[in-house]
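> I'd like to ask you about the structure that follows.
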Amino acid sequence: MARLARLALSEDEIEPMARELSAVLDHIATIGELDLDDVAPTSHVVEMTGALRADEPRPSLPREVALSQAPAVSDNGFLVPSPQA
Amino acid sequence: MSATNVLDLSASDAAAAIADGSLSSTELFEAYRARADGDRSAGDDGLNCFTWVASEAPPADSPGTLGGVPLAVKDLFCTEGVPSQSGSRILEGYEPPYTATAVSRLTDAGATLLAKTNQDEFAMGSSNENSGYGPVRNPWDRGRVPGGSSGGSAAAVAAGLAPWALGTDTGGSIRQPAALCGIVGLKPTYGSVSRYGMIAFASSLDQAGPLTRDVRDAALLFGQMTGRDDRDATSLQFPHAIELPTAERLDGVTLGVPDELTGEGIEAGVLESFRASLALAQELGASVREVRLPHAPHALAAYYVLAPAEASSNLARFDGVRYGMRTPDAEDLLDMYTSTRHDGFGAEVKRRIMLGTYALSSGYYDAYYGRAQRVRTKIADDFRAAFAEVDFIVTPTAPTIAFKLGEKTADPLSMYLNDFCTVPMSLAGIPAISIPSGLSDGLPVGLQIAGPAFSENKLLDAAHALETAIGFDGSSARV
């Protein structure tokens, strides 16, 4: 699960994490007691119409601004380690 | 006006004094800036409310509706060129190239940016102990928590270090700290304030709102925040203008008391204050009756599926590539992602990401996320049915008064139970306000009033009438 979440966990973090998550999952399991067969899942809490805006092109962030907060940049792009070192 | 007088003014009164020329906006800003700066440089002797404080007053120009009154803003609102880290070390050094719509609407209306406030990391917490900047202390008792996640905003307003502040509420993060600090906090109808530029936690629940000394200030600030924003497709045009509340009576108003949120698990002193508020409401002309919210006891379980699920998706963007910190010397790309996220996120954020990833994983989606969305429908139906019978639903805001620092950090579930009374309204997307109802053991207790979607004007009026009758005195928390 940690790998799926792209999280490294050290050996001493795994045991407390598992214990705490088990307690929370036990609490969450109480929603299993309800009869919800004919209930529609919520998609949005407030009824609304007209969420679409006109599809008009507008300027986006200039490249140097978009790159200005990155830990590493090179050749006008984000610099990252190789996928296969 | 003398410096102490200036700081005693409510934000509305300060705006009026600036408008009639009896107070200079620069003088007011400098008075607050000096206090905020003092807290920031006091270290362990201060409250640790702020993550950034303005270094100078902005140039005085047209005051606008908000009259040049300084505003403290929760760290998670992006503010151009000003550090915005959502309380997290993973965004170390991040200075956004743009400003959140909620903030720019307020500065356009004349508010001036005084400071950014401390918070639980990515707004995940009920005590402000999960911050990458260290915990905030409660100005009523420095050994206790201010609540969370908008703990810095609540403590700053209660302590008189800021006239008012902006916070966000996902499951109670405006209302619960407002209650624990003895101030007013409003969570508006979902969609009434744009989420553009708010560093996201759980997008279907996150909503910005005011933390203020009184209900009138909350109405004044909220009224300038609302409106449709093309940059947030879930934002709505509020159907009417927000008016300043004037009501002093509650004649013809029916308050509903749900047994599910006013009994088991609520501390005796909190219940006593709650019942005293109900008696006062009746003296003001309100009728009080029981209502049922049969699915409300399941709200917390549904919330702790939905909010972590959305968080695990929203927080995938923090990977050491585009902003913030990166753990050096990674072996390869995957190692860079996982080690940056290990070093940059705190323990609670990791727990929620794990929980959300699990709830959304193949084979578990229907049992967790799908089921929780159905519970959410039932909770919204419960409120709809209740509001056919009553105007507002009232509960205590939090089950206890402010607890001691460190008291609940070892047991995440006991921390989550703080949101027991506030989460149902969040899931239903309806507005709710917390006002101080009195003291228990010398610490503030909050009264929560919730209404149907877009009922903010009536809600603020009812809160104003009750606030006036309660006559809460928060002055002993001012530092």
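> Give the residue, chosen from A:Val39, A:Val73, that is surrounded by 13 or more Cβ atoms within 10 Å (Cβ to Cβ), more than 8 Å from chain B (Cβ to nearest Cβ) and at negative phi.
Values: A:Val39 fails: more than 8 Å from chain B (Cβ to nearest Cβ).
When all the criteria are applied, what remains is A:Val73.
> While we're looking at this one, here's another question. In the stretch A:42-70, what count of residues is obtained for those that are at the interface with chain B (Cβ under 7 Å from one of its Cβ atoms), closer than 18 Å to B:Gly320 by Cβ and among the hydrophobic types (A, V, I, L, M, F, W, C)?
1
> Might you let me know whether the stretch A:16-27 holds any residue that is among the aliphatic types (A, V, I, L, M) and more than 9 Å from every other protein chain (Cβ to nearest Cβ)? Full working, then the answer.
As a first pass, look at the stretch A:16-27 and keep what is among the aliphatic types (A, V, I, L, M): A:17-18, A:21, A:23-25.
With the extra rule that they be more than 9 Å from every other protein chain (Cβ to nearest Cβ), the set shrinks to A:18.
Yes, some residue in the stretch A:16-27 is among the aliphatic types (A, V, I, L, M) and more than 9 Å from every other protein chain (Cβ to nearest Cβ).
> May I pose another question? Within the stretch B:82-94, how many residues are assigned to a loop (DSSP other than H, G, I, E, B) and more than 17 Å from B:Leu106 (Cβ to Cβ)? Show your work before the answer.
So in the stretch B:82-94, the residues assigned to a loop (DSSP other than H, G, I, E, B) come out as B:83-88, B:92-94.
Next cut, more than 17 Å from B:Leu106 (Cβ to Cβ) only: B:83, B:85-88, B:92-94.
Counting residues in the stretch B:82-94 that are assigned to a loop (DSSP other than H, G, I, E, B) and more than 17 Å from B:Leu106 (Cβ to Cβ) gives 8.
> Out of curiosity, is B:Gln237 modelled with pLDDT under 95 and under 18 Å from B:Ser104 (Cβ atoms)? Spell out how you get there, then give the answer.
Numbers: modelled with pLDDT under 95: yes; under 18 Å from B:Ser104 (Cβ atoms): yes.
Taking the combined requirement at face value, the residue satisfies it.
> Take the residues in the stretch B:81-95 that are within 13 Å of chain A (Cβ to nearest Cβ) and among the charged types (D, E, K, R), then tell me which one is farthest from B:Ala123 (Cα to Cα).
Filtering first and then ranking leaves B:Glu95.
> Additional query: Which residues, counting only those in the stretch B:272-308, are in contact (Cβ under 8 Å) with a residue 40 or more places away in the chain and within 11 Å of another protein chain (Cβ to nearest Cβ)?
B:Pro294, B:His295, B:His298, B:Ala299, B:Leu300, B:Ala301, B:Ala302, B:Tyr303, B:Tyr304, B:Val305, B:Leu306, B:Pro308
> Only one residue in B:Gly324, B:Gly356 is within 27 Å of the chain's Cα centre (by Cα), more than 7 Å from chain A (Cβ to nearest Cβ), over 30 Å from A:Thr42 (Cα atoms) and not hydroxyl-bearing (Ser, Thr, Tyr). Which one? Steps first, answer last, please.
Working: B:Gly356 fails: over 30 Å from A:Thr42 (Cα atoms).
Unique residue meeting the criteria: B:Gly324.
> Out of (1) more than 10 Å from chain A (Cβ to nearest Cβ); (2) buried (at least 21 other Cβ atoms within 10 Å of the Cβ); (3) under 18 Å from the mean Cα position of the chain (by Cα), the odd one out for B:Thr400 is which?
Unmet for B:Thr400, out of (1) more than 10 Å from chain A (Cβ to nearest Cβ); (2) buried (at least 21 other Cβ atoms within 10 Å of the Cβ); (3) under 18 Å from the mean Cα position of the chain (by Cα): (2).
> Quick one: is B:Leu71 in contact with a helix residue (DSSP H, G or I) (Cβ under 7 Å, 6 or more places away or on another chain), without any contact (Cβ under 8 Å) to a residue 40 or more places away in the chain, at negative phi and not in a helix (DSSP H, G or I)?
Details: in contact with a helix residue (DSSP H, G or I) (Cβ under 7 Å, 6 or more places away or on another chain): yes; without any contact (Cβ under 8 Å) to a residue 40 or more places away in the chain: no; at negative phi: yes; not in a helix (DSSP H, G or I): yes.
Against the criterion (in contact with a helix residue (DSSP H, G or I) (Cβ under 7 Å, 6 or more places away or on another chain), without any contact (Cβ under 8 Å) to a residue 40 or more places away in the chain, at negative phi and not in a helix (DSSP H, G or I)), B:Leu71 does not qualify.
> For the stretch B:328-362, how many residues are small (Gly, Ala, Ser) and surrounded by 22 or more Cβ atoms within 10 Å (Cβ to Cβ)?
Taking the stretch B:328-362 and keeping what is small (Gly, Ala, Ser), we get B:330, B:339, B:344, B:346-347, B:356, B:359, B:361-362.
Remaining after also requiring surrounded by 22 or more Cβ atoms within 10 Å (Cβ to Cβ): B:344, B:356, B:359.
Count: 3.
> When residues of the stretch B:95-121 are filtered for being small (Gly, Ala, Ser), crowded, with 21+ Cβ neighbours inside 10 Å and part of a loop (DSSP other than H, G, I, E, B), how many remain?
Matching residues across the stretch B:95-121 total 3.
The values are calculated or read from the model by the stated rules, or taken from the named source; none is laboratory data. Quantities reported herein were computed from a predicted structural model and do not represent experimental measurements. We place every Cβ from the backbone using ideal geometry, glycine too, and count neighbours over all the protein chains shown.
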